[in-house]
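Below you'll find the structure, written out as structure tokens, and then a few comments.
The values are calculated or read from the model by the stated rules, or taken from the named source; none is laboratory data. Computed from a predicted structure; not experimentally measured. Quick reminder, even Gly has a Cβ in these numbers, built from the backbone with ideal geometry, and neighbours come from all protein chains shown. Note: accessible area is taken over every heavy atom of the protein model, side chains too, but ligands, DNA and RNA are not part of it. Shrake-Rupley method; radii C 1.70, N 1.55, O 1.52, S 1.80 Å.
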Amino acid sequence: MTQVKLDKFCLVGAVAALLALIFPLAGIDGDTGKQVAFVGDIPGLASAMALCVIAGAAFTWIGVCTILHAGILLAVAVFGAWQAIDALYDYGVAGYASTGFWLFIISLWAFVWRAIDVIANYHSLETVKQQSANIIVPIAFGVWLLFVWEVVVSGFGVPQVLLPPPSMIGVRFVSSTDTMMADFYQTFVKAALSGYVMGCGSAFLVAIAVDRVPFLKRGLLPLGNMVSALPIIGVAPIMVMWFGFDWQSKAAVIVIMTFFPMLVNTVTGLNAAGKLEKDLMATYASGYWSTLFRLRLPAAMPFVFNALKINSTLALIGAIVAEFFGTPIVGMGFRISTEVGRMNIDMVWAEIALAALAGTAFYGAVAYVERKATSWHPSFRVRRH
Amino acid sequence: MTLKQVVDNVAAMPASKKAVVDIKDLSLTFQTADGPVYALSEVDLTIEEGDFVSFIGPSGCGKTTLLRVIADLEKATGGEISINGVSPEAAREARAYGYVFQAPALLPWRSIERNVTLPLEIMDLSKEERIKRAHDALKLVELNGFEKKFPWQLSGGMQQRASIARALSFDADLLLMDEPFGALDEIVRDHLNEQLLKLWARTNKTVAFVTHSIPEAVYLSSKIVVMSPRPGRIIDVIETKFPKDRTLDIRETPEFLEIAHRVREGLRAGHGHDE
């Protein structure tokens, strides 16, 4: 006889959902002296809670064994989350959420946790299935975090100046697309990208020169080290004085920020080729440039891409911060500094979201090119078996 | 002129073969913080066209260093050395030799074929010519069909064979091999030794081969150079009379055992100098 093993997470979910049906859903309105809402008044929410009790109890017994079980559990949680949002905004629970409501959120949390856990441990030899499982996990996790943010901020009635709910940021994001696009173009395309290309490109060329000329290695590297230690908020105003208010001064700040990581990494990378490989090239009477292009630069690529990835995030940060020190009336940094002054915190968050999206996409693009260009490197080639 | 030189010269005369490598009184001293290290001293050696010369000795006896001097990867500090009648540097510039290292040293970002075409690329050959030669070289080491694979997808023995194909691809008459099979297991090693012999018999290349295995040296060579350490010097040169198309079976013959015995005696005597 085998011992039945109960699924603890589903047990927590079922019990919490059951208690959510019993405990009061919302607090008492100060003006009317009445309770704001009851579970019985909201059929959608009540049915979601009941569903959670049933599904939780069922899975406690049979366990979440397959990807199908996890999918059902996730679907139940999504339905519950939708009803919880509905209750907050359409039935006036926002700002008055009480024990019952939070117990329901705990129940949903238990289900989502268990489902993601199962999906994250999913292994398939079929690439498509494995990849979709790999994508679902971070998306489900991210959406869940947004939901918790939304529910906590609305449920507790947190003032919008402190932290607006993500839905409000989203609405603001969509409704001010024109402004955001202009800001994006100014800060990311004009300033960050051009600064990134100039900084990384010049550092790459200087690295090759440094590698070739020994006295530059002794003289320039320590100097470069010093430049990289310069505080950005000290340099930015000077660059604005030198290069004007427009994107050029921001690009200059980014060049200063990105130059050193690229220089050091490339110089290190150029020395990454082994002695054996260098001897090999010598036996072919390969000249300096031939060895550079056929051996040393390919061997340096993992280091170069490392710097490109570090710099992709540095560039955007540099562009935004530099805009605090003088800018035309457009740009992400400009928008953030002025909208904070006007207490339009949702706009500030919308810009932050835009910066996060742009930064992630930029990093992702560089990482993608890296994977394609250095697929021979041990850190990537394991995946190709 | 030492007695050995006289013997060498006399031995060389009737065949009247061309000397590919000619070394006279060669020495190499490394200057280190702990004082000079005498890596090679008073080395006299002639390698003739079509010879298969093995260098054998304990580690630190300078056999690899000698090979590197021939390849112009190290500079001698005394004596004379000529390769095909010119200096090692000129020979290297003329791509007079193919060198096989202890490790395969294949570039991981290049496919096997592109690894083999690497020297041809540096020599500025046309693409069709490069592909054709790579194909031929890979066929010689029985690696045809693996052109598009990457080095890490091949076993260690196959990687080393690919590196031999690379050294063969530009058809240099002299092949320098530095313990090429040292890291491989005995079975793979035997197999590669057989293949190497076949290759040598077919192409009539001159081979200089560093090893620390006595059976390998006796089995492969037409001439065995026994070396001893500190300072690295030649203590015996043994000629073998096995035919070029020898098989692994000769390892059971009395002649083989006799030569192996002489090599072992030589190594022991060389070692005795230290104690």
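Tabulated data for the structure shown
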read-out: Test set (1) assigned to a loop (DSSP other than H, G, I, E, B); (2) at pLDDT 90 or above; (3) open to solvent by less than 50 Å² (accessible area, probe 1.4 Å); (4) not basic (Lys, Arg) - residue B:177 fails condition number; value: (1)
read-out: Test: residue in region B:239-262 that is over 23 Å from residue B:97 (Cα atoms), open to solvent by less than 20 Å² (accessible area, probe 1.4 Å), part of a strand (DSSP E or B) and out of contact with any Asp or Glu (no Cβ under 6 Å at 6 or more places or on another chain); value: no
read-out: Yes/no for residue A:149 being in contact (Cβ under 8 Å) with a residue 24 or more places away in the chain and touching a helix residue (DSSP H, G or I) at 6+ places or on another chain (Cβ under 8 Å); value: no
read-out: Residue list for region A:133-173, filter: open to solvent by less than 50 Å² (accessible area, probe 1.4 Å) and more than 21 Å from residue A:101 (Cα to Cα); value: A:133, A:137, A:140, A:142, A:169, A:170
read-out: Among the residues listed as A:299, A:307, the single one being more than 14 Å from chain B (Cβ to nearest Cβ), touching a residue at least 24 places away in the same chain (Cβ under 8 Å), small (Gly, Ala, Ser) and not in a loop (DSSP other than H, G, I, E, B); value: A:307
read-out: Candidate set from region A:193-249 (those that are among the polar types (S, T, N, Q) and modelled with pLDDT under 85); member that is most open to solvent (accessible area, probe 1.4 Å); value: A:225
read-out: Members of region B:67-125 that are of a type in the set (Ser, Thr, Tyr), more than 12 Å from chain A (Cβ to nearest Cβ) and not in a loop (DSSP other than H, G, I, E, B); value: B:82
read-out: Counted residues, region A:310-326 - those being over 30 Å from residue B:109 (Cβ atoms) and either within 14 Å of chain B (Cβ to nearest Cβ) or under 27 Å from the mean Cα position of the chain (by Cα) (or both); value: 10
read-out: Filter pass, residue B:208 being modelled with pLDDT of 90 or more and in contact with a Phe, Trp or Tyr (Cβ under 8 Å, 6 or more places away or on another chain); value: yes
read-out: Residue check for residue B:133: in contact with a helix residue (DSSP H, G or I) (Cβ under 9 Å, 6 or more places away or on another chain), surrounded by 19 or more Cβ atoms within 10 Å (Cβ to Cβ) and more than 13 Å from chain A (Cβ to nearest Cβ); value: yes
read-out: Tally, over region B:199-235, of residues that are part of a helix (DSSP H, G or I), free of Cβ contacts under 8 Å to residues at least 60 places away in the same chain, open to solvent by 20 Å² or more (accessible area, probe 1.4 Å) and in contact with a helix residue (DSSP H, G or I) (Cβ under 9 Å, 6 or more places away or on another chain); value: 3
read-out: Criterion violated by residue B:238 - all others in (1) of a type outside the set (Ser, Thr, Tyr); (2) out of contact with any helix residue (DSSP H, G or I) (no Cβ under 8 Å at 6 or more places or on another chain); (3) touching a residue at least 24 places away in the same chain (Cβ under 8 Å) satisfied; value: (2)
read-out: Selection from region A:260-294 of residues that are part of a helix (DSSP H, G or I) and open to solvent by 50 Å² or more (accessible area, probe 1.4 Å); value: A:264, A:268, A:275, A:276, A:278, A:288, A:289, A:293, A:294
read-out: Failed item in (1) closer than 30 Å to residue A:330 by Cβ; (2) more than 26 Å from the chain's Cα centre (by Cα); (3) touching a residue at least 60 places away in the same chain (Cβ under 8 Å), with residue A:201 passing the rest; value: (3)
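A quick yes/no check of all residues on (1) surrounded by fewer than 19 Cβ atoms within 10 Å (Cβ to Cβ); (2) under 21 Å from residue A:166 (Cα atoms):
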| site | (1), (2) |
| --- | --- |
| A:303 | no, no |
| A:306 | yes, no |
| A:316 | no, no |
| A:320 | no, no |
| A:331 | no, no |
| A:335 | no, yes |
| A:340 | yes, yes |
| A:343 | yes, yes |
| A:346 | no, yes |
